[in-house]
Amino acid sequence: MPAPAHGHPSLLLRRLPLAGVLAWRYLRGQRSQILSSTALAALFATGLGVTAMVVAMALMTGYTEDLQRKLIGLQGDIIASPLTSEVLDSNPEALERTSELGGVRRLGRVAYGEGSLSSPAVPGGAGVVLRGVDPGPPPGVPMEVPELSPGGGAPEVLDLGADDDGVASVVLGKELARQLEAGAGDVVRLVVLSPGEDRVRFRYRSVRVAGTFTTGFAEFDARWVLLDRDVLRKARGDRGLDVMEVDVAAGADPDAVVERVERTLGPQWIVQRWESLNQQLFAALRLQELLLFLVLGLIVLVSTFNTSSTLVILVRERLPDIGVLASLGLSPRQLWGIFVIYGMGLGLAGTALGVAAGVGVAWVMTEFELIRFDPEVAAVYFIDSVPFRVEATDVAAIVAFSLAVTFLACARPALRAARLQPADALRDP
């Protein structure tokens with residue numbers, strides 16, 4: 001007769017310790033209808049709790065990462081701000097050295113301003129944030145600028161300087177363009193706030209809409225306007241303060257790049273990562289993620305009561321077996337191990353079921369964008385749709401938590417079985 005295959009169940013069982021073999025047989029047993037029903041209830045309760053945790057953590061991780069990506073979509077990874085406007089132009093050699101530092105992919109000078117934009121369709125206009133950039137590669141966000149790209153889409157070089165008629169081009173956030181009912185080629189009225197020594201002045205200028213951009217970040221899409229930096233500086237009276245933005249190369253350590261940039265630029269510059277500029281926001285998100293993990297962990301904790309009940313029933317129904325095994329020399333530790341392994345088997349199966357279901361739900365929610373917000377709601381939550389992103393670290397934490405509480409739930413009923421005396425167990429109830 002041929003030898004059994006290497007993976008045959010009988011061979012695998014022979015390699016398990018005796019406690020594991022007995023626990024496996026109890027898991028497969030069909031003798032008790034009550035036991036099987038409570039075991040299924042424990043399995044599905046654990047699976048439901050783990051599913052909720054996986055989906056919730058995928059929601060928080062996806063929301064946080066999407067928010068981070070959109071926050072730096074129009075900005076640099078590192079922001080270098082001079083203490084005075086004179087510092088920016090006083091040492092061009094330092095800026096040149098900074099652009100050549102290891103880990104620096106691009107160094108750009110950016111001007112900011114505030115104002116309002118109005119169109120013939122919406123003469124009341126809307127308040128806007130003005131971002132002045134130099135000609136160069138467009139930012140890493142989806143752009144539609146047919147005025148600058150004959151083939152449509154985004155141009156290779158974004159140049160928003162004035163045309164032959166002296167009319168500069170601007171690129172609007174998609175939601176802002178919708179509010180103003182302005183499209184590519186339309187001329188709109190720009191009002192720029194120019195801070196003076198005694199009062200704030202208003203400077204007016206006509207600009208042409210070259211196209212739109214979209215980040216999915218409601219604050220940017222509804223308020224931001226891209227235009228040429230020189231145009232903005234002239235419009236604001238050259239009284240504003242420019243900053244330098246640094247894009248970090250892929251694979252480089254941002255903190256190390258920050259240190260190099262600080263040493264190169266000197267003490268008259270404040271160098272910060274974008275996380276530092278939004279520190280309170282992301283600290284609140286991390287706290288919310290932790291609290292959500294703990295609150296939803298209560299579902300898994302409550303589900304372990306079913307596992308504990310299953311073990312109590314199992315111990316009660318297997319009293320004769322426990323007495324026989326103890327009489328044959330099985331130690332209390334081995335008896336304890338039988339029921340702990342049984343409970344952990346239920347917990348492991350329920351956890352695996354919950355992880356699989358949670359990953360599936362997260363994929364469906366993200367793939368079909370089942371959670372989307374109207375523009376008014378998106379302005380509150382900063383994004384127009386919610387992605388669900390399952391991270392291995394989150395899954396590992398959920399699995400570890402689920403198995404840990406399951407173990408605690410199994411320990412006490414198993415300890416009761418281990419402490420039974422053979423005579424008491426064999427006595428007819």
Exercise for the section: Could you tell me whether the stretch 316-329 includes any residue that is of a type in the set (A, V, I, L, M), over 27 Å from T64 (Cα atoms) and not in a helix (DSSP H, G or I)? Expected result: yes
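Of all helices (runs of 4 or more DSSP H) completely enclosed by the stretch 211-292, which ones contain at least 1 residues that are buried (at least 16 other Cβ atoms within 10 Å of the Cβ), modelled with pLDDT of 90 or more and of a type in the set (S, T, Y)?
By residue number, 254-265.
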Problem - So S331, is it over 47 Å from the mean Cα position of the chain (by Cα), at pLDDT 85 or above and among the hydroxyl-bearing types (S, T, Y) - result: yes
Problem - Looking only at the stretch 89-135, and only at residues there that are touching a Ser or Thr at 6+ places or on another chain (Cβ under 9 Å) and of a type in the set (D, E, K, R), the one that is modelled with the highest pLDDT - result: R97
Handout entry: Count of residues meeting criterion [among the aliphatic types (A, V, I, L, M) and either part of a loop (DSSP other than H, G, I, E, B) or open to solvent by 40 Å² or more (accessible area, probe 1.4 Å) (or both)] in the stretch 74-99
Key = 2
Problem - Filter result (in contact (Cβ under 8 Å) with a residue 24 or more places away in the chain and either surrounded by 15 or more Cβ atoms within 10 Å (Cβ to Cβ) or under 21 Å from V188 (Cα atoms) (or both)) within the stretch 123-137 - result: G125, A126, G127, V128, V129, L130, R131, G132, V133, D134
Exercise for the section: Kindly list, by first and then second residue, each pair from a residue in the stretch 335-356 that is closer than 25 Å to D321 by Cβ to a residue that is aromatic (F, W, Y) and at pLDDT below 95, limited to pairs with Cβ atoms under 6 Å and residues at least 6 apart or on different chains. Expected result: Y342/Y26
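Would you tally the residues in the stretch 176-194 being open to solvent by 60 Å² or more (accessible area, probe 1.4 Å) and either in contact (Cβ under 8 Å) with a residue 24 or more places away in the chain or not in a strand (DSSP E or B) (or both)?
Summing the residues that are open to solvent by 60 Å² or more (accessible area, probe 1.4 Å) and either in contact (Cβ under 8 Å) with a residue 24 or more places away in the chain or not in a strand (DSSP E or B) (or both) in the stretch 176-194 gives 6.
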Fill in the blank from the handout: Scanning the stretch 100-122 residue by residue, the ones that are open to solvent by 10 Å² or more (accessible area, probe 1.4 Å) and hydrophobic (A, V, I, L, M, F, W, C) total 5
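The values are calculated or read from the model by the stated rules, or taken from the named source; none is laboratory data. Computed from a prediction, not measured in an experiment: that's the story for all the values here. All Cβ positions, even for glycine, are placed from backbone atoms using ideal geometry, and neighbour counts span all protein chains on display. Only protein heavy atoms, including side chains, enter the accessible area calculation; ligands, DNA and RNA are left aside. Shrake-Rupley method; radii C 1.70, N 1.55, O 1.52, S 1.80 Å.
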